[in-house]
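The block underneath contains the structure these notes are about, expressed in structure tokens.
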Amino acid sequence: MMLYHMDGDDCGSPDYCFENGRKHGRYGNFNTVWKKLFKTRWSGVTDQIEPVDWQQRYWEAHVQGCLDEAAELVVLPSFRGLISDINISDTILNYIGYEQQMNHLACDYSKLSYHCQQFGHYARCLRLQNALCVEETCQLLRESKLQSLVLRWIRFEEHVQALCKLLIQNSETLASLEFLHCKLSPSFVEGICRSLCSKRKRIHKIENLSIDISSFIENCPSSVVVELVSFLSSGRSLCSLKLRHCHLDRDFGRMVFSSLLEASSSLSILDLSGNSIGGWLSKYDRSGPLFSLGAGKSLQSLRLLNLRGNNLCKADARDLGSALVHIPNLEILDISDNTIEDDGIRSLIPYFVQASERCNPLVELYLENCELSGRGVSQLLDTLSTLRRPPTSLSIADNNLGSHIAASLGKFFGTSVQVLNIGAIGLGSSGFRVLQDGVTKELKLVNINISKNRGGVETAKFLSKLMSLAPDLVEVNAGYNLMPLESLTIICSALKVAKGHLQRLDLTGNNWELQPSHVSMLSEFRHNGLPILILPTLQALDVPYDDEP
């Protein structure tokens, strides 16, 4: 679908009443039309929040596509010349009604410079590869008012210098900054801070800072920490800090935590996952002034804490439990993939009890792959089952708990829990039988994962009862449970009589040889035109699931 009508005397007279990429009011509000155009061109792209201005979103995505094409060419050893002179492909030009044969006109529509000049002011959120972090790009994007910027593979000084210039250009509007696969030196971090901070108050306006799968220069880690801490201390607007998979050690983690204790920002999200910070809280005096309820504004406002995969042990869990008491608004806690063991989870139980009595109780708790046993988790579940407001989302997946955990699980099912992940905990057939007997009243479950538990036909019988007692159930993962083919008949019979809203039931990983009669039986179970039952594929049948260590 073409957006432009081309005239011989005109450098692109817009068919939808646009001049130099700017919207006029002659045809009124074309927002619905722009949405359709966007969905047609980028059918696989979905925004978490639907754009208010689809015209702006369209041209922003168009500029991003042009920059991505340019980056692919610039990284080639054979590339010579100016980035601004790179020719945009026919594929992109045809989408907006430009054709290469029009290049003899005064305006050269095929050049990257033209598209940045015409549509760059629509760009609010962009991704840039290191190859485009040069001063020429700053000139190309001089009309942009960026709010979000994602930078990839920034590793050399020449990239840093150009990046700082780009940050200065957008320092008044930029709110989100993300670094991916980058290497940060003290001068790198210092340059970022100086580029974003106001000259008078040394305060920046960044709200979201993310450094992901990156590293810090090893020969001077302390200098990097000092610069990063300085940046955090200057962030009055900072509400999300993510330092994921950055090879941080406990000293680095301790200094970051100290800066947050003293910072005046209203931090909501702290994600330190994928590092090695075991022992980072061991030297803090939790009865001291730093942990008093009047200090640490950043901790007071924290709502999400992600410490997944941080090499924490049971001693760290004990220290964390003491610190969490002073984070009164925490709603989401993820300490998965840490070997905290039963002693670690027991030391956190007093905090879970206290959190349930707060105005803002703990809502989501993730304890996957923590080397927990059935005894420790039973104690946890029995405690949570008695709380006035237990977490509504819980994951204890990938812990070898055994079938004896089923009795405590049955009690917890009767709470207000809505999302539950108990995949790969070793329930077995006997565990599912106990669950069937333990679940007797209507449940509030919306989403449940019971996969990889080797439950056999008892899995299907449990599902049948679950569907009859959970009217709000939307999604179930029951894959890889060694269910025989007869289980399918039990499940379909339950679906027929259930009065719920089930939209997806994953049964992949079960070795079934479906017959035509089964296909016709399954065809009636659909939601919004899509099948509810997700069945094993032929490829999956070739390799049976094996959960043995």
The long-range amide H neighbours of Ser266, using H built 1.01 Å from N in the peptide plane and a cut-off of under 5 Å, are Leu238
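Rounded to the nearest 5, what % of DSSP beta bridges with both residues in the stretch 402-539 are antiparallel? It would help to have the intermediate numbers written out before the result.
Working: 2 of 13 bridges.
Given both bridge residues lie in the stretch 402-539, the antiparallel proportion sits at roughly 15 percent.
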3J(HN,Hα) from dihedral phi, the stretch 357-363, Karplus parametrisation 6.51/-1.76/1.60, rounded to Hz, x for glycine, proline = 9, 6, 5, 10, x, 5, 9
The chain: antiparallel bridges as % of DSSP beta bridges, rounded to 5, reads 10
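Using a probe of 1.4 angstrom, how much of the accessible area of the stretch 402-539 is carbon and sulfur, in percent?
Working: 3240 of 6270 Å².
On the stretch 402-539, the fraction of accessible area on carbon and sulfur atoms equals 52 percent.
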Using the per-residue mean of other Cβ atoms lying within 10 Å as a proxy for protection, in what order, highest first, do the peptides 449-460, 502-513, 265-276 fall?
-> 449-460, 265-276, 502-513
Distance between Cα centroids, the stretch 441-517 to the stretch 314-359: provide it in whole Å.
-> 33
Karplus (6.51, -1.76, 1.60) ³J(HN,Hα), θ = phi - 60°, over the stretch 240-245, in Hz, Gly and Pro reported as x = 9, 10, 10, 10, 9, 6
Percent relative contact order of the stretch 402-539, based on C-alpha pairs within less than 8 angstrom and at least six residues apart?
-> 20
Per DSSP H run of n ≥ 4, the term is -39500 (n - 2.57); total these for the chain, divide by its residue number, and report the mean residue ellipticity at 222 nm rounded to 500 deg cm²/dmol.
-> -11000 deg cm²/dmol
Once the Cα atoms of helix 221-233 and of the chain are each reduced to a long axis, what angle between those two axes, in degrees from 0 to 90 to the nearest 10, is obtained?
-> 90
Angle between the Cα long axis of helix 157-169 and the longest principal axis of the chain, 0 to 90 degrees, nearest 10?
-> 80
Computed ³J(HN,Hα) along the stretch 308-319: with the Karplus parameters 6.51/-1.76/1.60, θ = phi - 60°, integer Hz and x for glycine or proline, the list is 4, x, 10, 6, 8, 10, 5, 5, 5, 5, 5, 5
Ranked by how many other beta carbons lie within 10 Å on average, peptides 351-364, 480-493, 111-124 from highest | 111-124, 480-493, 351-364
Excluding residues fewer than 8 positions from Lys499 in its own chain, the lysines with Cα under 23 Å of it are Lys441, Lys444, Lys461, Lys465
If contacts are Cα pairs under 8 angstrom and at least 6 residues apart, what is the relative contact order of the chain in percent?
-> 5
Averaged over all viewing directions, the convex hull of the alpha carbons in the stretch 129-187 casts a projected area in nm² of 3.7
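Given a 1.4 Å probe, how much area per residue of the chain is accessible, in Å²? Mind dumping the intermediate values first?
Working: 25600 Å² over 549 residues.
With the other protein chains kept in place, the chain gives 47 Å² per residue.
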Taking Cα pairs under 8 Å and at least six residues apart, what relative contact order does the stretch 51-123 come out at, in percent?
-> 42
Amide proton proximity set for Asn481, modelled H, under 5 Å, gap of 5+ = Lys452
In whole Å, what are the Cα extents of the chain along the three principal axes, biggest one first?
-> 80, 69, 46
What angle do you read, to the nearest 10 degrees and between 0 and 90, between the alpha-carbon axis of helix 54-74 and the longest principal axis of the chain?
-> 80
For the stretch 54-94 and the stretch 377-406, what is the separation of their C-alpha centers, rounded to whole Å?
-> 52
Residues with amide H under 5 Å from that of Phe179, placed H, sequence gap 5 or more | Leu151, Ser210, Ile211, Asp212
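The values are calculated or read from the model by the stated rules, or taken from the named source; none is laboratory data. Since the structure is predicted, the reported quantities are computational estimates derived from the model, not experimental observations. Virtual Cβ from ideal backbone geometry, glycine too; neighbours counted across all protein chains shown. For the accessible areas, the whole protein counts, side chains as well, though only heavy atoms, and no ligand, DNA or RNA atoms are used. Shrake-Rupley method; radii C 1.70, N 1.55, O 1.52, S 1.80 Å.
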